[in-house]
Amino acid sequence: MAQGANQAAVSCAKALTAFVENGKTLLDLAEKESKEGSLQEFIRQKIHIEQKQSLLGLIEAAAALYRSLSVKRKKDAEDLWRKNNHCETLQGAVQDFEQLAVQWDSFLQRLDDELQLSAKILAGDHQSKCISPETPLINAKTGETVTLEKYLRKGKKILLVLIRQFSCLLCRLHLKDLEKNQRSLDAHSVEVVVVSFGCQEGALHWLQETGCQYDMLLDPERKIYTAFGLGASLKKVLNFNNMLLYAEYVADNMEFPRGLPSIQDDMFQLGGDFVLDEHGRVLFSHCCQSPIDRPSVEDILSAQ
């Protein structure tokens, strides 16, 4: 029994060490490339899901770690190495893992600081309490300019779902959850409207890919995003903990959507969910702190 437990601990340490080495390689490369030119160019050219040697490669590395440990969740992996913490080799590997997490997030914080992204995220108490019905937007399907007034003042509330980017998997899953709970939304007189800052070409592609039936409005100048205090952050999107949580989707054999090569998107924009009454007053506000952070349908409806 002791021998079997020891073998499990050694196998766990081996898998964790391989992950840490992979993560360090990705981080070292990112640190090197981020110093070779402008940070904006580094972000545009060097952080893509298609590039295995970019920071996003940590997602696949974490999924490989889960497969090595025969688990599918970060929590289960942590439980496994806690259960085998009698092994000194594993203890060392866990320490290296924790050190990598600190270094990873410190690097992202440095990028945010240098790009002044954190400063663009407005404080919660600066969020608009009311959105003007005259706010100009674009109908994603027709390209026509419309105002929020078209959706307000109909005796209904509207739930504005501000998505992060067209290729955000978590945004798509959130909208599918809303569609699945359409009866509950209808019962509370809540109409869902999707908002993106992207271009019409990307929006039409997104609508075709997702099959989403909700109306979609475009906010190219991000006026609504700004009004709700939503900014952009590398750290809030790519922090170490999030990367390991994203890997859970890969472990479940889910693929992250790929963006169109012709579309310039912003993967570091944060999203949110906001319910407005018929006069544009904000009844419910949820500013996402990461791509994973979306409110449940119950949370949205309970606030009505």
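The values are calculated or read from the model by the stated rules, or taken from the named source; none is laboratory data. Keep in mind that what you see is a predicted model, and the values were worked out from it rather than measured. Don't worry about glycine lacking a Cβ; one is built from the backbone with ideal geometry, like all the others, and counts go over all protein chains shown.
Ser189 fulfils the conditions (1) at positive phi; (2) in contact with a Cys (Cβ under 8 Å, 6 or more places away or on another chain) except for a single criterion, (2). Hey, could you check the stretch 194-218 for residues that are closer than 19 Å to Leu260 by Cα and among the acidic types (Asp, Glu) and say which is surrounded by the most Cβ atoms within 10 Å (Cβ to Cβ)? Selected residue: Glu209. Would you call Val190 within 20 Å of Leu301 (Cα to Cα), in the same structural domain as Asp273 (by TED's automatic domain parsing) and in contact with a Leu (Cβ under 6 Å, 6 or more places away or on another chain)? Judged against the criteria, Val190 is a match. Within the stretch 13-43, restricting attention to residues that are hydroxyl-bearing (Ser, Thr, Tyr) and assigned to a helix (DSSP H, G or I), which residue is surrounded by the most Cβ atoms within 10 Å (Cβ to Cβ)? Per the stated criteria, the residue is Ser34.
Hey, does the stretch 22-29 have a residue that's farther than 18 Å from Leu244 by Cα and small (Gly, Ala, Ser)?
Step one: filter the stretch 22-29 for residues farther than 18 Å from Leu244 by Cα, giving 28-29.
Still in the list and also small (Gly, Ala, Ser): none.
The answer is no; no qualifying residue exists.
Restricting attention to the stretch 178-223, the residues that are farther than 13 Å from Leu159 by Cα and either basic (Lys, Arg) or under 20 Å from the mean Cα position of the chain (by Cα) (or both) add up to 19.
Considering only residues in the stretch 48-79 that are among the basic types (Lys, Arg) and outside any helix (DSSP H, G or I), the one that is surrounded by the most Cβ atoms within 10 Å (Cβ to Cβ) turns out to be Lys72.
Of everything in the stretch 258-304 that's among the charged types (D, E, K, R) and outside any loop (DSSP other than H, G, I, E, B), which residue is surrounded by the most Cβ atoms within 10 Å (Cβ to Cβ)? Full working, then the answer.
Applying the first criterion (among the charged types (D, E, K, R)) to the stretch 258-304 yields 258, 265-266, 273, 277-278, 281, 293-294, 298-299.
So of that shortlist, the ones also outside any loop (DSSP other than H, G, I, E, B) come out as 273, 281, 298-299.
Details: Asp273: 21, Arg281: 14, Glu298: 10, Asp299: 12.
Result: Asp273.
Taking strands (runs of 3 or more DSSP E) as the structural unit, those lying wholly within the stretch 139-236 and holding at least 1 residues that are under 24 Å from Ile59 (Cβ atoms) correspond to 157-162, 190-196.
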